[in-house]
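The values are calculated or read from the model by the stated rules, or taken from the named source; none is laboratory data. Just so we're clear, the structure is a prediction, and the values are computed from it rather than from any experiment. Heads up, the Cβs are rebuilt from the backbone with ideal geometry, glycines too, and the neighbour counts pull from every protein chain shown. The accessibility values were calculated without ligands, DNA or RNA, using every heavy atom of the protein model including side chains. Shrake-Rupley method; radii C 1.70, N 1.55, O 1.52, S 1.80 Å.
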Amino acid sequence: MKIFILKPWHRIALHVILPVALTAFLFAGSLFFYNLPNFRRLLYEDNERFIREMVDIVSSLAQNYQSRVESGELTLQEAQNRFKERLRTMRYGPGKGNYFWINDLNARLIMHPYLSELEGKDVSDLADINGKRFVAEFSRVGRQQGGGYVEYMWQWHDDPNRIVPKIGYVRLFEPWGWVIGTSIYIQEVRSEIDRLTRVIHRNTAIIYLIVIALCGYVVWQGVRTEMERQRVQDDLRNSFERFKTVLDSLDAIVYVSDIFTHEVLFVNKCGLEKASGASGQYCWEILGMDQGQPCESCDMRELMDRTRQPHVPIRQIHDVARDRWYECRDQLIRWVDGRDVCLEVASDITDRKRAEQEREGLMRKLALKNEELQSIVYATSHDLRSPLINIEGFSRELGNSCGRLADLLRNPESLKCGQTILKSILEEDIPESLDFIFRNTEKMQTLVNGLLQLSRIGTAKLDFKSLDMNALLSNVLASCNYQIKTIDAQVTVESLPPAFGDYSQINQVFANLIDNALKYRQKDCPLVIRITGRRLDGMVEYTVTDNGIGIAQMHLGRIFELFQQLKPSVNPSEGVGLGLTIVKRIVDIHNGGIRVESIPGEGTTFFITLPKG
């Protein structure tokens, strides 16, 4: 395996010059394409806000005069004359060149410090070089909006030959019907913006020169350091090659990974041939772990606190992609670049693990068979005994009836007198006995067929695969559609995660549970069935909930036993109590689980756990 080590100039370019250049580029980009345009906009808006505030101040002054009129201190004419003369002399801005004017709502000029000859006249036709009648526009904005901005063209200060854009703000002073306004030259705002922009450009250039000088110094110092580092790494490379030769000779997967990032730095020859990963991946990918994070049993960080001893705790890891098991040992070592890394040796223990799993599987099957055998022994000794006793008893009754009939037939005289007795024997006693014998025989046949059906579950060949549970439930409900419609039941199935199992048997599980819900419903309220599912750790759990008659707490432990019918009076002609027994047996075969919660009179919920698909 080739170790690539960056040259000094490459390392400096990658770790120093590139980040600094990128930072400078982003800084310049944000400055010239975002900050400066935004600064210009804000400065322009600030000047607009300034002239609006100036008009607001003057309007406040007019309001003060109006208050004096209302108090009787001044007449209206006196107040307006004083306000006009005071406003005529008011100036602000650079060189005190900005002023105020007044016109009314009919575009009649009330006061203008430089156009006094037009005061009192209608100037609605007064227009700029673009034909815009700006005084009429002042009146319109004041009348319709109460105040606002108006752009127009006007001469530059005292130079009538230079026409430039201005922006003005006007506000209606309602008590007098006057529109008060002021304006500023847009060119002055732009000049101030250009001046500040030049300052920013100059400062930016100075900063760039300083950064370039610092980068040059850092590069010079870095090259000196890297030259020494290169010499040390050459020595480490030679040592590593010897170390690699030893690791490649081992008949085990050996790889080295970073303690903090978990990135794989080296994989030996055996690892490249047998494992699913290579250098550059993460450690959990080397052994085929299908995950995006370190293993739960990972102890890399703990290695930092240990001394470098040859033995550390053993972990077992499963390569899912190749179905291989490994026994792993971790050791902290010093890597070629000087950092502490984790050396892991993974020995293949697949054969041993499979033998253990096979033994565990046989033990589980043996336990299930023992449980099944105990159930069958109990059933044959208890449930089959009852019909046998009934058959035996009624066979004796049949024998007695036949004996009495024979006695009557042997004695003709008795036969003539015993017509009533003969009729009772032939029409009542014998048919009754035969009927009981036939019914108990049928019951025995049903029980034997049930036992055969149960025994076939564990011997049938199964096809395990990922199951689309939504499609499976759709098929189950389709087969029960007539019963559901007949009793007007409401069945809700939420989105279900996939499971892993045999389609036919899982279909039977849910068919039996839904059939139970339909069978043991409450007669006085509509049946509601709800089926949900959720993911657990490596498993999926499904629930089947109904609002049926429920199950008493004392019976919950018996419902999965053979031939248990807790409510035989509901429909004694249906089933022999094997439905839930079959459900539990199927779930056990799938290495799953089933439990039940129920409240009598409110309903029942079955929880079925299966391997995830």
Theoretical gain in end-to-end length, residue 203 to residue 241 [0.36 nm per residue, Cα-Cα removed]: 8.3 nm
Contour excess over end-to-end distance, with Cα ends at residue 105 and residue 27 and 0.36 nm allotted per residue: 22.9 nm
Highest average packing first - 343-355, 41-53, Cβ atoms within 10 Å: 343-355, 41-53
Distance in nm between pseudo-label sites at residue 60 and residue 75 (7 Å out along the Cβ direction from Cα): 3.1
Highest average packing first - 120-133, 54-67, 180-193, Cβ atoms within 10 Å: 180-193, 54-67, 120-133
Two-site label geometry, residue 232 and residue 329: point separation in nm, points 7 Å out along Cα→Cβ: 3.1
Computed accessible area, residue 211, all protein chains, 1.4 angstrom probe, square angstrom: 50
Stretch gain in nm, segment residue 591-residue 612, where the contour uses 0.36 nm per residue and the Cα spacing is subtracted: 6.4 nm
FRET efficiency estimate (nearest 0.05) - Cβ-Cβ, residue 434 to residue 553, R0 35 angstrom: 0.25
Given 269/353; 121/166; 465/519; 244/269, the pairs whose alpha carbons are separated by over 20 Å: 269/353; 121/166; 465/519
Ranking by accessible area, most exposed first, for 491, 135 with a 1.4 Å probe: 491, 135
Label-point gap, in nm, between residue 161 and residue 503 - each point 7 angstrom along Cα→Cβ: 9.7
Accessible-area ranking of 429, 463, largest first, probe 1.4 Å: 463, 429
Residues residue 260 and residue 358, FRET efficiency given R0 of 35 Å [Cβ-Cβ distance, rounded to 0.05]: 0.30
Residue 269 - accessible surface, heavy atoms, 1.4 Å probe, Å² rounded to 10: 120
Order by protection proxy (mean Cβ within 10 Å, highest first), peptides 525-534, 157-166: 525-534, 157-166
